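The values are calculated or read from the model by the stated rules, or taken from the named source; none is laboratory data. Just so we're clear, the structure is a prediction, and the values are computed from it rather than from any experiment. A quick note on method: Cβ atoms are made from the backbone with ideal geometry, for glycine too, and the neighbour counts reach across all protein chains shown.
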Amino acid sequence: MQKPCMKKVPNETFGMVETDDTKIKKEVEEMNYADIKKVDVANGPGVRVSLFVSGCTHHCKNCFNPETWDFHYGKAFTSFTIQEIVEYLKPDYIKGLTLLGGDPVEPQNQEALLPLLEAVKKAYPQKSIWCYTGYDFDKDILGEMWENGSVTKTFFSYIDVLVDGEFKEELKDLGLKFKGSANQRTILVQESLEKGEIVLYPL
Ligand code: SF4
């Protein structure tokens, strides 16, 4: 697995001035991101804010965003980025946040995203959080990652809907809502965890 970006972030990027690198790391784990869309209607219901993180180890054939495979691609994700996203989510017409990439569920990205998830749920408990991943929910995430991932259970406590599975070119279907290939599922995470079986989001 590739290593996450170890690039130092200029202190002025943060709202508070931090001179100690350890303090900065504590504030936000290191991660890069490719883009933030303030108005996105393609990746979840309603008008949403979307964050495209950097780093993906799946390398699906004909991936829609191959530049984001590199964990070093794009800009540093900082506490300023979090404040920005929280602000973008403010208008009533914004129905929620979508995480995609890259893969937000890569273990190091989960850690980096936790402060954002906490901030968004606290500020807007009524807005939904969707997440896209190349991992399978039951096979990969609820397996070893669930047992050994340091923040996986906490990370998923904030996710309402997970679109899971790698993009498979041979199963590509442009008619599918919110996903690229027929193997991918749109999973209600909290309901699935509660029931102990996959519960799908009604499309
Ligand atoms: S999981 Fe998503 S970002 Fe990663 S290679 Fe597959 S399609 Fe691309």
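Within segment 39-48, is even one residue surrounded by 16 or more Cβ atoms within 10 Å (Cβ to Cβ) and modelled with pLDDT under 95?
no
What is the residue count in segment 91-105 for residues that are more than 9 Å from the chain's Cα centre (by Cα), touching a residue at least 24 places away in the same chain (Cβ under 8 Å) and part of a loop (DSSP other than H, G, I, E, B)?
1
Among the candidates PHE155, PHE167, single out the residue that is within 22 Å of THR68 (Cα to Cα) and within 16 Å of the ligand (Cβ to nearest atom).
PHE167
Please count how many residues of segment 147-203 are among the aliphatic types (A, V, I, L, M) and modelled with pLDDT under 95.
2
Output the residues belonging to segment 64-114 that are among the small types (Gly, Ala, Ser) and more than 24 Å from ILE141 (Cβ to Cβ).
Scanning segment 64-114 gives GLY74, ALA76, SER79.
Of the residues LYS95, LYS75, LYS61, which single one is farther than 27 Å from LYS195 by Cα, away from the ligand (no atom under 13 Å from the Cβ) and of a type outside the set (A, V, I, L, M)?
Matching residue, one of LYS95, LYS75, LYS61: LYS75.
What number of residues within segment 61-84 satisfy the criterion of being out of contact with any strand residue (DSSP E or B) (no Cβ under 6 Å at 6 or more places or on another chain) and either in a helix (DSSP H, G or I) or among the acidic types (Asp, Glu) (or both)?
Going through segment 61-84 one residue at a time, the tally reaches 10.
For segment 120-150, enumerate the residues that are more than 13 Å from the ligand (Cβ to nearest atom), closer than 25 Å to ALA42 by Cα and among the polar types (S, T, N, Q).
GLN126, SER128
Every residue, every condition in (1) out of contact with any helix residue (DSSP H, G or I) (no Cβ under 7 Å at 6 or more places or on another chain); (2) in contact (Cβ under 8 Å) with a residue 12 or more places away in the chain; (3) farther than 24 Å from LEU188 by Cβ, yes or no:
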{"residue": "PRO45", "(1), (2), (3)": "yes, yes, no"}
{"residue": "PHE52", "(1), (2), (3)": "no, yes, no"}
{"residue": "HIS58", "(1), (2), (3)": "yes, yes, no"}
{"residue": "ASN62", "(1), (2), (3)": "no, yes, yes"}
{"residue": "THR68", "(1), (2), (3)": "yes, yes, yes"}
{"residue": "HIS72", "(1), (2), (3)": "yes, yes, yes"}
{"residue": "ILE82", "(1), (2), (3)": "no, yes, yes"}
{"residue": "ILE85", "(1), (2), (3)": "no, yes, no"}
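Go through segment 120-173 and give me each residue that's part of a loop (DSSP other than H, G, I, E, B) and hydrophobic (A, V, I, L, M, F, W, C).
Matches in segment 120-173: VAL151, ILE159, PHE167.
What's the number of the condition LEU117 fails, among (1) part of a helix (DSSP H, G or I); (2) over 19 Å from TYR201 (Cα atoms); (3) more than 10 Å from the chain's Cα centre (by Cα); (4) away from the ligand (no atom under 16 Å from the Cβ)?
Exception for LEU117: condition (3).
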